[in-house]
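Novice: Sending over a structure as structure tokens; questions will come in a sec.
Every number in this text was worked out from the coordinates using simple rules, so none of it is lab data. Keep in mind that what you see is a predicted model, and the values were worked out from it rather than measured. With ideal geometry, Cβ positions are generated from the backbone for all residues, glycine too; neighbour counts draw on all protein chains shown.
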Amino acid sequence: MATEKVIKSIVSLLGYGFTIVQLFASGAITFRQIIQQGTVGEHTCYPYGLTYLNAVAWIAYGVPMHRWVLVTINTITAFVEAIYSIIYLVYSNEPKRVIASVMLLVQIIFTVVLISLEFVVFDRDHSSQAREKTYGLLGAFTAVFMYGSPVSDVVTVVLT
């Protein structure tokens, strides 16, 4: 039984790892171009900031339930997306830098709010159902925006 659980965890981690590597590879290519060109060009910061928010929400969901594969993958995702957000901020021009700064501030505030929820609200209320529902809804909510964020690139290109 324990061996089966270990095998499932390893296979899950490998599957998620493969997916994450593919996702990061596409972002790495984009950011390599941004660094080489010295500008973000037509890219927006929304996909990177919103992916960070989604990852942090799923970390908050997974930690209390000891879902370590979920936590591991999303921790890596949050770290990489934070780096992407900072690189975007550094290489953006003035109008985009303001938006990127606000997005980075939203990322920081969202992280602080989730940590505060855990230690202030859910520390007193030991209801795992309330915790699961809150973090699950936040994860689903941020996922909708994360998956919709590439549309902002298309809209930006069409409108300009």
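Novice: For a quick check, take a GNM of the chain with Cα springs below 10 Å and name the residue from Ser101, Ser149, Ser26 with the largest mean-square fluctuation.
Specialist: Most flexible of the set in this elastic network: Ser26.
Novice: Here's another thing I want to ask about it. Relative to the first principal axis of the alpha-carbon coordinates of the chain, what is the inclination of helix 150-159, with its axis defined by its Cα atoms, in degrees from 0 to 90 and to the nearest 10?
Specialist: The angle comes out near 20 degrees.
Novice: Quick one: Kirkwood hydrodynamic radius for segment 48-106, alpha-carbon pairs, angstrom, one decimal?
Specialist: For segment 48-106, the Kirkwood estimate is 12.0 Å.
Novice: Another question, if that's okay. For the chain, find the longest principal axis of its Cα atoms and tell me its angle to the long axis of helix 94-116, 0 to 90°, nearest 10.
Specialist: 10
Novice: Now, a different point. Kindly provide the helix-only [θ] at 222 nm of the chain, computed as the sum of -39,500 (n - 2.57) over DSSP H runs of four or more divided by all residues, to the nearest 500 deg cm²/dmol?
Specialist: -28500 deg cm²/dmol
Novice: Continuing with this model, one more query. Test of understanding: in a Gaussian network model of the chain with alpha carbons linked when under 10 Å, which of Ile115, Ile83, Ile29 would top the mean-square fluctuation ranking?
Specialist: With Cα springs under 10 Å in the chain, the top fluctuation among Ile115, Ile83, Ile29 is at Ile29.
Novice: Compute a Gaussian network model of the chain, connecting alpha carbons closer than 10 Å, and tell me which residue from Thr19, Thr111, Thr142 fluctuates the most.
Specialist: Thr19
Novice: Something else now. Would you work out the relative contact order for segment 39-160, in percent, from Cα pairs under 8 angstrom that are 6 or more residues apart?
Specialist: Relative contact order comes out at 45 percent.
Novice: Let me ask another. Over the alpha-carbon set of segment 57-147, divide Rg by the Kirkwood Rh and report the Rg/Rh ratio to two decimals.
Specialist: Here the Rg-to-Rh quotient is 1.04.
Novice: In the calculated pair distance distribution of segment 81-128, what percentage of Cα-Cα distances lie above 15 Å?
Specialist: Here the tail beyond 15 Å accounts for 55 percent of pairs.
Novice: Quick one: work out Rg over Rh on the C-alpha atoms of the chain, Rh as Kirkwood radius.
Specialist: Rg/Rh: 1.03.
Novice: Follow-up question, since we're still on this one. Rounding to the nearest 20 debye, state how big the charge dipole of the chain is about its Cα centre with +1 on each Lys and Arg Cβ and -1 on each Asp and Glu Cβ.
Specialist: Magnitude of the dipole: close to 180 debye.
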